[in-house]
Amino acid sequence: MKYFRLSLILLFIGFATAAFCQDIKKQNMKKTHKVVVQVTEGDSLTQLAVIGQVRNIKKQLPDAQVEVVCHANSLDMLLKSGSKVGSHIAELKPLGVRFVACENTMARKKATAADLVPGAETVPSGLVEIILKQEEGWSYIKGGH
Amino acid sequence: MKYFRLSLILLFIGFATAAFCQDIKKQNMKKTHKVVVQVTEGDSLTQLAVIGQVRNIKKQLPDAQVEVVCHANSLDMLLKSGSKVGSHIAELKPLGVRFVACENTMARKKATAADLVPGAETVPSGLVEIILKQEEGWSYIKGGH
Amino acid sequence: MKYFRLSLILLFIGFATAAFCQDIKKQNMKKTHKVVVQVTEGDSLTQLAVIGQVRNIKKQLPDAQVEVVCHANSLDMLLKSGSKVGSHIAELKPLGVRFVACENTMARKKATAADLVPGAETVPSGLVEIILKQEEGWSYIKGGH
């Protein structure tokens with residue numbers, strides 16, 4: 001009888017330990033592909049190249065979450081006045097591709113949310129966004145060409 | 001007698017737990033230095049700079065695994081017609097430095113495997129390769145200058 | 001009595017396991033934001049942009065540790081003869097922002113420690129520094145514009 005109770009306790013410890021460690025293992029594994037793409041240049045060729053790069057990523061990794069961070073000169077890509085790829089930004093959004101503008105850059109260029117193409121979002125700082133995403137396990141890529 | 005058996009069981013649980021957790025710790029530690037290098041430009045100076053960068057990495061970290069991903073204009077670096085550093089690519093391969101061309105870029109530039117310098121390999125997508133390597137714990141560097 | 005001793009042993013195993021695994025969990029968590037910034041260009045605009053980027057990071061993440069790695073042409077940023085931002089480098093140091101010059105680049109440009117602006121430090125290889133920091137869990141950003 002006492003061995004029965006003892007073995008129950010031991011079994012419980014074993015399961016609890018296994019469950020606990022498994023939990024850590026899972027945290028280390030990636031379920032979804034996540035990538036933050038930094039863009040700093042804003043000329044037409046770079047804008048088109050970035051759209052092509054994002055589409056290539058989604059073609060091979062359809063479930064990937066992609067966030068394109070536009071700061072410095074690449075803000076143009078998200079401004080109604082400067083974007084050559086505005087339609088793509090709205091079109092890619094429901095597929096899991098977010099385009100975000102750096103509010104530091106916007107302030108410097110005196111742009112407001114109303115100046116952005118439909119679908120574009122903002123983050124307080126483009127660089128800090130890239131830091132935080134990497135801390136959450138996202139891969140990082142310098143986009144453009 | 002019963003304490004002897006009991007202590008054997010406890011000892012086993014202890015060892016099993018330690019081994020299990022140690023296993024996770026090892027997965028978190030890096031045994032080999034691994035780095036994926038992104039190159040996007042293809043001019044002669046960039047090509048030479050990349051070779052110099054790879055050699056500097058191998059000088060300080062002789063066991064490092066290095067993978068140089070050439071996409072966009074940097075495909076030239078791996079094309080027989082455009083490479084200024086073809087001999088280096090074959091020479092560095094046995095030292096653990098792989099040069100891979102992006103098949104998306106190759107398709108766009110109508111290049112085939114036969115057009116590549118000896119030793120060069122290909123990957124379906126240069127950017128996806130960089131994402132996957134980071135997911136496996138590789139460091140990432142934007143190469144060139 | 002024997003159950004008392006037994007439960008003490010079991011309790012000890014339980015605590016030891018929990019402590020051990022917790023220790024691993026903590027290693028996976030980031031307490032401080034850490035970012036290594038790569039700079040490769042050395043023109044005045046890039047130099048000023050990098051200082052602005054670092055200040056923006058520190059504004060939003062005041063406790064962040066930042067290391068700016070200057071190699072290739074960006075060595076100018078840390079040379080007395082070429083730096084337009086020398087005063088910022090000394091000023092930012094006590095705030096947790098280190099500027100380090102690549103000794104490989106210094107050797108190539110025949111610069112010595114005496115040629116560096118006050119506060120600048122050196123690392124054997126800029127690229128290897130970026131690899132090692134990422135292995136230690138630092139985020140990585142390509143700086144400049």
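Any chance you could count how many residues in the stretch B:30-41 are open to solvent by 10 Å² or more (accessible area, probe 1.4 Å) and modelled with pLDDT of 95 or more?
3
Residue under question is residue A:79, and the condition is that it be in contact with an Asp or Glu (Cβ under 6 Å, 6 or more places away or on another chain), more than 24 Å from residue B:40 (Cα to Cα) and more than 14 Å from chain C (Cβ to nearest Cβ); does it hold?
yes
Does residue B:110 qualify as being under 30 Å from residue A:31 (Cα atoms) and surrounded by fewer than 19 Cβ atoms within 10 Å (Cβ to Cβ)?
no
Of these, C:89, C:51, C:57, which one is open to solvent by less than 30 Å² (accessible area, probe 1.4 Å), in contact (Cβ under 8 Å) with a residue 12 or more places away in the chain and out of contact with any strand residue (DSSP E or B) (no Cβ under 8 Å at 6 or more places or on another chain)?
Residue meeting the stated conditions: C:51.
Within the stretch C:80-115, how many residues turn out to be farther than 24 Å from residue C:58 by Cα and in contact with a helix residue (DSSP H, G or I) (Cβ under 9 Å, 6 or more places away or on another chain)?
Residues meeting the conditions: 13.
For the stretch C:104-145, enumerate the residues that are within 28 Å of residue A:141 (Cβ to Cβ), more than 14 Å from the chain's Cα centre (by Cα) and not in a loop (DSSP other than H, G, I, E, B).
Passing the criteria: C:104, C:105.
Identify the single condition in (1) more than 14 Å from chain B (Cβ to nearest Cβ); (2) out of contact with any Ser or Thr (no Cβ under 9 Å at 6 or more places or on another chain) that residue A:116 does not satisfy, given that it satisfies every other one.
(2)
Got at least one residue in the stretch B:48-67 being at pLDDT 95 or above, within 14 Å of chain A (Cβ to nearest Cβ) and assigned to a strand (DSSP E or B)?
No, because not a single residue in the stretch B:48-67 is at pLDDT 95 or above, within 14 Å of chain A (Cβ to nearest Cβ) and assigned to a strand (DSSP E or B).
Select, from C:139, C:125, the only residue that is touching a helix residue (DSSP H, G or I) at 6+ places or on another chain (Cβ under 7 Å), over 13 Å from residue C:77 (Cα atoms) and within 14 Å of chain A (Cβ to nearest Cβ).
C:139
Based on this model, can you work out whether residue C:101 counts as crowded, with 21+ Cβ neighbours inside 10 Å, part of a loop (DSSP other than H, G, I, E, B) and not acidic (Asp, Glu)?
In short, no.
The values are calculated or read from the model by the stated rules, or taken from the named source; none is laboratory data. Here the structure is a predicted model, which means the values were calculated and not measured. Cβ atoms come from the backbone with ideal geometry, glycine included; neighbour counts cover every protein chain shown. Side chains are part of the model used for accessible areas, which takes the heavy atoms of the whole protein and leaves out ligands, DNA and RNA. Shrake-Rupley method; radii C 1.70, N 1.55, O 1.52, S 1.80 Å.
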